[in-house]
Amino acid sequence: MRNQPHKLRRIRHSLQVSQLVAVLCMSTALGCSNNSRISGTGGSLAGQETGNAAEQSVTKPFSRSDTRIRFQFAHIRTVEYDGFALPILSPDGCWAAVQISSAADWPTLLASVDGGVPDAGRIAIAPLCADASTPLLAVVGNDLLIGRSCDSQGFLVESPRLDGSRWIGKVNWQGGEPTWLVADEDVNAFASVGPAGEIAWCHRRRDVEKFSILVKRGDAVQEIPPPQDGSWLSPSFSSDGKFLYAFRLRDGVLAACAFPISQTISATPIISIDLSWRADARMAYQTVIPLRTGGESSDQRLYFFHPRFSRIAIWNPLNNRIALTSPSSSAAMAISSTQIVTSSAKQLSVESAPVEGGSKDATQSTSVVESLWIPIGRGTGSVILVVQPGRSTLNIARIDLDPIEK
């Protein structure tokens, strides 16, 4: 029997990254209650079993201010999933790519030398702007793992191959077969699409343990070699396209690194910040599990789960300062330059953006839904899309957050 990461053994065997990532992983393994309540209404949400949209509107004071926040919650649909991977949402909020089954173990997820389950899993696409009974769209292939990134045309997938290599592909939001972007005899993983259509991913030869980073812009490909005695993991681009971020793992030390992007990308990060001194590749992987998006298009900062402070953090490489969201925030998404949505095991909340060099306390957030819901992306207007993970199903809902008003 394969050591599947969405089982309880995954939590027991992984390092104690933090109680919050453990809570997030545990919620996907054990299932979540469907008796979610909109904070302040005193009534439970209907329609979660049937998929019918049940809308309730609430206006309540915003934390520590004389303003008020108004929000509306509506369930969209329930879909099957593998019990672990969070969906990827299209930029317009109308499609969600879902890992509906997976046989991947930790070595496969981490693309390690001893990993690579060829029959990795299946993916389907859930229409979200249509009727809840609209069928899922099929994605061709039984060897696909959902990627970390997307654009308006499609989303990234990865395919472990029989020969030990690993390919990176892109699937159109209408489904069908992947278009292979990187298909060679090497291991290619953790790809991310940038705002200008560039793509960055980790690369190594099959018999080499350490990852370099490859960045493709147009027809040009640039390599950032592995750091001395270390490896790169999980590259991504800032929302404004000015920085390439990556995690460096070396001798148990996990660091976030920023590379400035101009005509070329420096092979040496402009700045780095240590996150943990007792890390491994699993910890690096888990720092980005809860995140699907950063801030607005002008935002240059890195959003991640901080393993030492056990909450979502926002790092600005220009001044090397970190802003911390409220305690117990296991996932987050910026919805404006002044507001952020955070998730904990108990509730989904809206809070003002944290100040760099400071941290939020437990009283500085306004509860929206009183159970675990995880933001996965934006819809049109003020809508955000959230998911509630269960043992083998995902509830998908939308929350319309009207601007804060007097």
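Quick note: the coordinates plus some simple rules give every number you see, no bench work behind them. Predicted model only: the values in this text are computed from it and were never measured. Heads up, the Cβs are rebuilt from the backbone with ideal geometry, glycines too, and the neighbour counts pull from every protein chain shown.
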#### Entry: Which of A138, A97, V157, positive extreme of dipole for region 64-182 (C-beta unit charges)
A97
### Query
Relative to the compact globular guide of 2.2 N^0.38 Å, what is the alpha carbon radius of gyration of region 219-328, as a ratio?
1.03
### Query
Which GluC sites (Glu not before Pro) does region 97-204 hold that lie in a coil by DSSP with at most 15 other beta carbons within 10 Å?
E185
### Message
What does the net charge come to around L318 if you take all other residues with beta carbon closer than 14 Å to its beta carbon, with K and R at +1 and D and E at -1?
### Response
0
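Around I273, under 15 Å between beta carbons, what's the net of Lys plus Arg minus Asp minus Glu among the other residues?
Value of the local net charge: +3.
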### Query
If you rank L137, L348 by fewest surrounding Cβ atoms within 10 Å, what's the result?
L137, L348
